[in-house]
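The values are calculated or read from the model by the stated rules, or taken from the named source; none is laboratory data. On a predicted model such as this, the values are computed, not experimentally measured, just so you know. Cβ placement follows ideal geometry from the backbone for every residue including glycine, while neighbour counts extend to all protein chains displayed.
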Amino acid sequence: MITRADKTLEFDLPHLPVGHRHVSVDEVYKQGFVAEGAEQAGLAAACFEEVRRRQPGNPYVLLDLARAYFQLMDFERGNSLLQKAAKRAGRDPEFWYQIGLIYQLFQLDAEAERCFLLARSHGAGNPMFPAVLVAYYESRGMLDKARKALDRELRKGRRDGLINTLNGILLLRSGDRPAAIEALTSGLAEMPEAHPYQIIARYALARSLAESGEETASIERLREAKALQMAKPEVRRYLGLRTPVMRDAVETRTLLSSTDVRDEWRAEVRQDDPPLVFLLGYPRSGTTLLEQVVEAHSGIHSFEETGAFNQALQKVFGRPLLPGEKPWDRLNETDPAARNLAREWYFEHLGRLGAPPEASIMLMDKNPALTGHIHMISRLFPDAKFLVMLRDPRDICLSAFQTQVTITPFSVNWLHWDNTVRHCVEILEHWVALRDRLPNPYLEVRYEDLVTDLPQTGRRVMDFLQLEWEPSQEDFAQHARAKQVYSPTLYDVRQGLSRKAMGKWRRFGMDYSAGEPGLASLLDHFGYET
């Protein structure tokens, strides 16, 4: 239950499918994970609640429930469940580690750090938990803390494969590539084949090799890392899974191409909502860079990949989709009441993640993973502006393939090269097909223009947002260093502008034929040389 002003917003969990009481608890658990993977967090929570009812002594279901409620932005229940889990954790380092992962996933950094410190404290003798703490600090850009935590282990005399791997990652971050390659290679050789850091080390080594001009060896390490990921049970459940929204994307594009919806959708615009802009584009196209440039403006308050929009949709859907029922049909029902409530939930979610200093300030929701949901965003917010970051799709595909991320129904496409190319083309084709059919004003910004002429390109962006360019925006890297950035491009954006990533696809010799004929059409649409 969340209160906004004098109104209480409530969301009831959907009912489980008929007959659920006659299936095993393992099957209900599985249904919960499948629902979570399909972005139906309400149904996932309902399944996990049923597991909890049947297995009240199972502490791990508290973690699954907490994760589902956090996905629904119900922080009170999520935190309450994690507190109950913490009371059961005792001195179990693995359990503290699992609690910390949930806090980390939802950007609750102080709580995550505390749990990882407890895991290290209670896991004396287990080298994994000190490593988790080092890796956590590194992922958050806290290199001084990471080095201090690693040196603590070195002073104890640890010189194993895991320590070498972590040292290699920190050396890479400091810019010492030869030493990083040596340490990472040694770490891989010394760690058991089944060690979880075999994947992390290969990604780091692949990056080190790529930055050193050894492209072929870099791709070989990437393919090894991805093969190990695809063998993991928690990853296999995502393979081949398509979310309902993207599964029906082609049908939706066809429908909207034959219907003029702009006036009808604009009629629902609410005048009391704050000005809103969505920063979109396929991941690895430069959205983090543009976000830092724009948010350095005093009149912009940005939210980074919060999931607030997807969870507002949960409130619209409210119950699991019926057989044959499509998300778009549910969202586009004649009665606007559910959409109005979803808008309230959306702004409520953003406010809970960090209210802007002034009520009239422009809000920016940066989330490139929402680009495939562009029609859904437009239906709820037909007056919102769209900033869409473009980059040579061949560079986007390569950069996505090189990125180590938590596996989701979206990022699972990056485990196989041909899937990476096809997915990127599919999302960008969706944008091109709808960009002039939707009521929202939009501006496409080319990554290459931003890094070669920041002042001119930045002023064009601010003109679109009807704001004046401010001198502080040119020094966006200082702004990025002063705040927590959660994107995998954290370290890149803190270094400032660089042209080294432009046209890097030419050096790697990858086969892009899986994206044809759509790729050639996109290159033409966006003005890139073939």
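Given the residues Gln98, Gln104, which is the only one that is out of contact with any strand residue (DSSP E or B) (no Cβ under 9 Å at 6 or more places or on another chain), at pLDDT below 90, in a helix (DSSP H, G or I) and crowded, with 16+ Cβ neighbours inside 10 Å?
Gln104
Restricting to the stretch 224-240, name every residue that is surrounded by fewer than 16 Cβ atoms within 10 Å (Cβ to Cβ) and closer than 17 Å to Asp418 by Cβ.
Ala227, Met230, Leu239, Gly240
Hey, does the stretch 409-429 have a residue that's of a type in the set (Phe, Trp, Tyr) and in a loop (DSSP other than H, G, I, E, B)?
Yes: the stretch 409-429 contains one or more residues that are of a type in the set (Phe, Trp, Tyr) and in a loop (DSSP other than H, G, I, E, B).
Restricting to the stretch 476-530, count the residues that are at pLDDT below 75 and in a helix (DSSP H, G or I).
Selection size over the stretch 476-530: 11.
Return only the number of the condition from (1) in a loop (DSSP other than H, G, I, E, B); (2) surrounded by 15 or more Cβ atoms within 10 Å (Cβ to Cβ) that Arg270 does not satisfy.
Arg270 satisfies all of (1) in a loop (DSSP other than H, G, I, E, B); (2) surrounded by 15 or more Cβ atoms within 10 Å (Cβ to Cβ) except (2).
Could you tell me which of the residues Pro357, Pro336 is more than 30 Å from Arg422 (Cβ to Cβ) and either at pLDDT 80 or above or of a type in the set (A, V, I, L, M, F, W, C) (or both)?
Pro336
Could you identify the single residue in Leu279, Leu222 that is in contact (Cβ under 8 Å) with a residue 24 or more places away in the chain, outside any loop (DSSP other than H, G, I, E, B), assigned by TED's automatic domain parsing to the domain that holds Glu333 and closer than 30 Å to Arg173 by Cα?
Leu279
Please work out which residue is surrounded by the fewest Cβ atoms within 10 Å (Cβ to Cβ), limiting yourself to the stretch 292-303 and to residues that are in a loop (DSSP other than H, G, I, E, B) and not aliphatic (A, V, I, L, M).
Checking each candidate, the answer is Ser298.
If you check Trp345 against the conditions, is it of a type outside the set (D, E, K, R), under 23 Å from Ala45 (Cα atoms) and in contact with a Ser or Thr (Cβ under 8 Å, 6 or more places away or on another chain)?
It is false that Trp345 is of a type outside the set (D, E, K, R), under 23 Å from Ala45 (Cα atoms) and in contact with a Ser or Thr (Cβ under 8 Å, 6 or more places away or on another chain).
Does the stretch 346-382 hold any residues that are in contact with a strand residue (DSSP E or B) (Cβ under 6 Å, 6 or more places away or on another chain) and over 23 Å from Leu290 (Cα atoms), and which are they?
If the condition is that a residue be in contact with a strand residue (DSSP E or B) (Cβ under 6 Å, 6 or more places away or on another chain) and over 23 Å from Leu290 (Cα atoms), then Glu348 is the only one that fits.
Considering only residues that are surrounded by fewer than 18 Cβ atoms within 10 Å (Cβ to Cβ), modelled with pLDDT of 85 or more, under 21 Å from Pro409 (Cβ atoms) and out of contact with any Lys or Arg (no Cβ under 8 Å at 6 or more places or on another chain), which ones fall in the stretch 1-45?
Correct list: Glu27, Lys30.
For Ala194, only one of the following conditions fails: (1) over 20 Å from Arg435 (Cα atoms); (2) touching a Pro at 6+ places or on another chain (Cβ under 8 Å); (3) exposed (fewer than 15 other Cβ atoms within 10 Å of the Cβ). What is its number?
That leaves (2) as the condition not met.
Somewhere in the stretch 198-214, is a residue outside the structural domain of Arg379 (by TED's automatic domain parsing), assigned to a helix (DSSP H, G or I), among the polar types (S, T, N, Q) and modelled with pLDDT under 95?
The answer is yes; a qualifying residue exists.
Only one of these conditions is not met by Glu325: (1) in contact with a Gly (Cβ under 9 Å, 6 or more places away or on another chain); (2) free of Cβ contacts under 8 Å to residues at least 24 places away in the same chain. Which number is it?
Glu325 satisfies every listed condition except (1).
Against the condition assigned to a helix (DSSP H, G or I) and within 29 Å of Pro327 (Cα to Cα), how does Phe70 come out, does it pass?
yes
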